[in-house]
Amino acid sequence: MMTTVTRLHADHQLDQLAAQFEYWRQHRSHPRERIPKALWDQAVTLTETLAPSRVATHLRLGRVDLKKQIALRHGDPAQATAVPVGFVEVPPALSSPDDVSGFEVELQRRDGARLRIHAPATATLPLGAIVHSFLEAR
């Protein structure tokens, strides 16, 4: 029962905050004006009870922007400045079928995602870029 009350209260707060955002949007001095810190703080606080995607959608915010604000508040500046990395192309390595030596790299992120790479010893892979892309992706 406590969760329902908390969630209902959060839903009510979300509606009130949406009205504050709408008021700010209608009365800002120019279209590119930054969202005030007080509004960001309230939005981030609501993500402790409600899903960040729901908060972002209801407040008409970018999901990535809200996630950056959440990361800043939780003291993770790397996440706040991380740029989403797209597909990383790995060129095929030339190796003979007799080549059985090689290496294996296995990584696991905090969210449980895993990456395992098997490659021959002669492979010239951009491991730095691959590892960086995997670890920074969310």
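The values are calculated or read from the model by the stated rules, or taken from the named source; none is laboratory data. Quick caveat: nothing in here was measured; it's all calculated off a predicted structure. FYI the Cβ positions are ideal-geometry reconstructions off the backbone, even for glycines, and counts take in every protein chain you see. Just the protein is used for accessible areas: all its heavy atoms, side chains included, with ligands, DNA and RNA removed. Shrake-Rupley method; radii C 1.70, N 1.55, O 1.52, S 1.80 Å.
Observations on the model:
- Tabulated pairs, segment 102-118, first among the polar types (S, T, N, Q), second open to solvent by 40 Å² or more (accessible area, probe 1.4 Å) and at pLDDT 80 or above, C-beta under 7 angstrom, 6+ apart or interchain: Gln108/Arg114
- Cβ-Cβ under 9 Å pairs, at least 6 apart or on other chains, segment 44-69 side in contact (Cβ under 8 Å) with a residue 60 or more places away in the chain, far side assigned to a helix (DSSP H, G or I) and open to solvent by less than 20 Å² (accessible area, probe 1.4 Å): Lys67/Ala56; Lys67/Ala80
- Of residues in segment 46-63 being within 15 Å of Gln20 (Cα to Cα) and in a loop (DSSP other than H, G, I, E, B), the one most open to solvent (accessible area, probe 1.4 Å): Arg60
- Sole residue being open to solvent by less than 60 Å² (accessible area, probe 1.4 Å) and either assigned to a loop (DSSP other than H, G, I, E, B) or in contact with a His (Cβ under 6 Å, 6 or more places away or on another chain) (or both), chosen from Ala43, Ala10, Ala18: Ala18
- Taking the listed residues Lys67, Lys37, the one that is open to solvent by 70 Å² or more (accessible area, probe 1.4 Å), modelled with pLDDT of 90 or more and out of contact with any helix residue (DSSP H, G or I) (no Cβ under 7 Å at 6 or more places or on another chain) is Lys37, with no other qualifying.
- Residues within segment 103-115 that are of a type outside the set (A, V, I, L, M), outside any loop (DSSP other than H, G, I, E, B) and under 16 Å from Glu136 (Cα atoms), tallied: 3
Here's the yes/no breakdown for (1) over 21 Å from Phe134 (Cβ atoms); (2) modelled with pLDDT of 90 or more; (3) touching a strand residue (DSSP E or B) at 6+ places or on another chain (Cβ under 7 Å):
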position	(1), (2), (3)
Phe21	yes, yes, no
Glu33	yes, yes, no
Ala43	yes, yes, no
Arg54	yes, yes, no
Leu59	yes, yes, no
Gly75	yes, no, no
Ala80	no, no, no
Ala93	no, no, yes
Gly102	no, no, yes
